[in-house]
Amino acid sequence: MNQLKQAAATAILEKINALTDSADLSASDIMGMFEYPPDPKMGDLAFPCFKLAKTLRQAPPKIAAALADGLAAPGISRVDVAGGYLNMFTDKAGMAESTVNAILAKKERFGASDEGVGKTVVLDYSSPNVAKPFHIGHLGTTVIGHSLKRLHAFCGYDCVGINHLGDWGTQFGKMIVAYKRWGDRAEVEARECDALVDLYVKFHEEAEKDPSLNDEARAVFTAMEHGEPEYMELWKWIIDISLREYEKTYRQLGITFDSYAGESFYTDKMPAVVDELKASNIMVIDDGASIVDLSEYNMPPCLILKRDGSTLYPARDIAAALYRKKHYSFDKCIYVTSSGQSLHFAQWFKVLEIMGYTWAKDQLIHVPYGTVSIDGGKLSTRSGNVVLLRDLFNQAIEKVAAIMEEKNPNLEGKEAIAESVGVSAIIFYYLSSGRIRDINFLMEDALSFEGNTGPYAQYTYARACSITAKAEGAGMCDLHAPVSLSGCDLTEEENALVKTLALFPDKVAQALHEYEPSVITRYILDVCADFNRFYHDVQILSCEDEALRTFRVKLTLAVKYVLGTAFDLICIGKNEKI
């Protein structure tokens, strides 16, 4: 479809230039105006003329009629005028040939672009608070962030994934107080993060009865900031335990990071930020605290220092951004966090801009996502109202394993496949909705294996793999030779599937520019729906017409490549047999 749009855009631009010498438009501008008709009967591609009305000083219907007159482009068989729209119909056989051949030639790279070549993007995501196990609330930043990393890499960017660990702050004072009062080293070593969470919860329960514990925790953290050896040794031990726990989850998700530099990494870099703010007179004292007044920008003040002179999150984030800009020379730095932090990011982004770092305005990007609740209840580690990811994954894996044991008991490597499909089911469920929407996490929906789910998509992929493997094993055709449809009439199901496959480059670009992995998830479901209709209604391996059989096998191979690439982009596993 992208090649078709390019050809149509070139033809339309030539017509526009013939009508006026002041359009100042490029073929890429024209390509950005195309739409897809909601009803296939209206055409395969639509070009609205409304944006040209001012330039050409004519009504859109008149512009559409003028552009349609004699318009010809490779792959376009007919052009209709409907009000202010040009509705274009494709040469179905030609489009099928070009689409399938493009996919077979590019394989896993079909849909990729080079828009990011020579550019660096830093992505800050996952970033759990140390000493707490992964729960469902961590899933959003982790899978959205890694999907965005894969999308950017797919489009040519040099990507740096940073896990900005929450490894500093008063919570460590609380943890150390709790450990010294009620902890046991052997138990913590044995139960790891579970034991640490129990201590954290106990601290808050006891602090409700004895508020002086909070003062004790603050004093311990102050001592940590001054390098007190006993506390620093405990701090490092807690971090090591936490990272061992996190790596198990990251392994299941197939996620790796380029840096684990967390909050503690920037403690020695914050004084320079504070000095710079003081020297430029941007920071002022307000009721004992140091702030940057942002009232001019309709935002509350940004707090930099507490009354006691200790730094707050904005100072750390500013220091981190300055370090990353210097160290990585990024073109974009993306932060994937809850929408509840939107104001925080808007504030310190603006502070950097006021400090004279003009790149902050366009290169710092906050990608927010909605909150997760469990059966309507707010998640809270303090109260223990969480669903741990490992428990959720285990439930999904067990359910997949039971289904596989029933349907395919002799399948080789069942354990690994069950883990891949089960974990992917949870990821797919989470990424099925737009990222900004709040999710009320319902276990029975997440683990459903019917309807528009991850397992349904994976079974569809495995079906495509099975068909192509049988065709190759039987020597039916050279799978990777170019396809030819001379004299072949395609069915409605084939045309619909080709059209959907051709949209993949557009969907990749949309997901990238909107920072929205769910575009890919929904697209996967579209491909699965069209392929399964094709599979059920059209003979593939049993087709007697050799040319049609060859095309259908290669169309199935194209589905395998596109689905496999789309799976990679949203971090779900590929299994050729289930």
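Just so you know, all these numbers are worked out from the coordinates, no wet-lab data involved. Note that the structure is a prediction, hence the values are computed from the model and not measured. All Cβ positions, glycine included, derive from the backbone under ideal geometry; neighbour counts span all protein chains shown.
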Worksheet entry | Packing-based exposure ordering (other Cβ within 10 Å, fewest first) of MET88, MET404, MET283 | MET404, MET283, MET88
Worksheet item: Over what distance in Å are the Cα centres of the range 554-578 and the range 1-40 separated?
Response: 32
Item to complete: Round to the nearest 0.05 the FRET efficiency obtained for TRP182 and ASN408 when R0 = 51 Å and r is the Cβ-Cβ distance.
Response: 0.55
Response to the item:
Ranking PRO48, PHE89, GLY75 by how far each Cα lies towards the positive end of the charge dipole of the range 2-90 (+1 on Lys and Arg Cβ, -1 on Asp and Glu Cβ), the top one is PRO48
Worksheet item: Got a sec? Charge dipole of the chain, +1 on Cβ for Lys and Arg, -1 for Asp and Glu; which of GLN395, TYR157, VAL197 is way out at the positive end?
Response: TYR157
Item to complete: Let me know the shape class of the chain, please: from the alpha-carbon gyration tensor, a ≥ b ≥ c as square roots of the eigenvalues, rounded when a/c is under 1.5, otherwise prolate if a/b is greater than b/c, or oblate.
Response: oblate
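Antiparallel as a % of all DSSP beta bridges within the chain, to the nearest 5?
Rounded to the nearest five, the antiparallel share is 55 percent.
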Fill in: Distance between modelled label sites at ASP80 and ALA105, nm, 7 Å Cα→Cβ extension
3.2
Worksheet item: Can you sort LEU148, LEU411, LEU490 by how many other beta carbons sit within 10 Å, fewest first?
Response: LEU411, LEU490, LEU148
Discussion item. Rounded, prolate or oblate for the range 159-256? Axes are the square roots of the Cα gyration tensor eigenvalues, ordered a ≥ b ≥ c, and the cut-off for rounded is a/c under 1.5.
Written reply: prolate
Discussion item. For the range 2-90, what does the relative contact order come out to in percent, with C-alpha contacts under 8 Å and a separation of six or more?
Written reply: 30
Practice prompt. Go ahead and estimate [θ] at 222 nm for the chain from helices alone: -39,500 (n - 2.57) per DSSP H run with n ≥ 4, summed, over the residue count, rounded to 500.
Written response: -17500 deg cm²/dmol
Worksheet item: Calculated FRET efficiency, TRP237 and ILE285, Cβ-Cβ r, R0 45 Å, to nearest 0.05?
Response: 0.70
Practice prompt. State the extension gain, in nm to one decimal, for the chain segment bounded by ASP478 and HIS226, taking 0.36 nm per residue of separation less the distance between their alpha-carbons.
Written response: 83.8 nm
Discussion item. How big is the dipole moment of the range 2-90 about its Cα centre under a simple scheme where the beta carbon of each Lys and Arg is +1, that of each Asp and Glu is -1, and everything else is neutral? Debye, nearest 20, please.
Written reply: 160
Worksheet item: Given the Cα-Cα distance of GLU576 and ILE365 and 0.36 nm per residue of separation, how much length would full extension add, in nm?
Response: 72.2 nm
Worksheet entry | Size of electric dipole in the chain: Cβ of Lys, Arg +1 and of Asp, Glu -1, about Cα centre, debye, nearest 20 | 760
Worksheet item: Can you put LYS15, LYS54, LYS350 in order, fewest other beta carbons within 10 Å first?
Response: LYS54, LYS15, LYS350
Item to complete: Considering Cα pairs under 8 angstrom that are at least six residues apart, work out the relative contact order of the chain and quote it in whole percent.
Response: 16
Discussion item. Sort 267-277, 562-572, 499-509 by packing, meaning the average of other beta carbons within 10 Å per residue, with the highest value first.
Written reply: 562-572, 499-509, 267-277
Worksheet item: the range 147-223 to the range 251-330: how many Å between their Cα centroids?
Response: 20
Item to complete: Calculate, axis by axis, the spread of Cα positions in the range 298-429 along the three principal axes, and write the results as whole Å, longest axis first.
Response: 65, 38, 26
Worksheet, complete the sentence: Dipole check, the chain, charges on Cβ (K,R +1; D,E -1), about Cα centroid: among ALA547, PHE134, GLY262 the Cα furthest to the positive pole belongs to ALA547
Practice prompt. Taking every pair of alpha-carbon atoms in the range 75-195, give the share separated by more than 20 Å as a whole percent.
Written response: 69
Worksheet item: So for the range 2-90, what percent of the C-alpha to C-alpha distances run longer than 18 Å?
Response: 35
Item to complete: Return the distance in nm (one decimal) between the two label points of a simple spin-label model at LYS306 and GLU247, each offset 7 Å from Cα along Cα→Cβ.
Response: 3.3
Practice prompt. Set the Förster radius R0 to 60 Å, insert the Cβ-Cβ distance between ALA190 and SER542 as r into 1/(1 + (r/R0)^6), and round the FRET efficiency to 0.05.
Written response: 0.50
Practice prompt. Beta carbons within 10 angstrom, averaged per residue: use that to sort the peptides 35-44, 216-225, highest first.
Written response: 216-225, 35-44
Discussion item. Expected output is a single nm value to one decimal: the length gained when fully extending between THR20 and GLU115, i.e. 0.36 nm times separation in residues minus the C-alpha distance. What is it?
Written reply: 31.2 nm
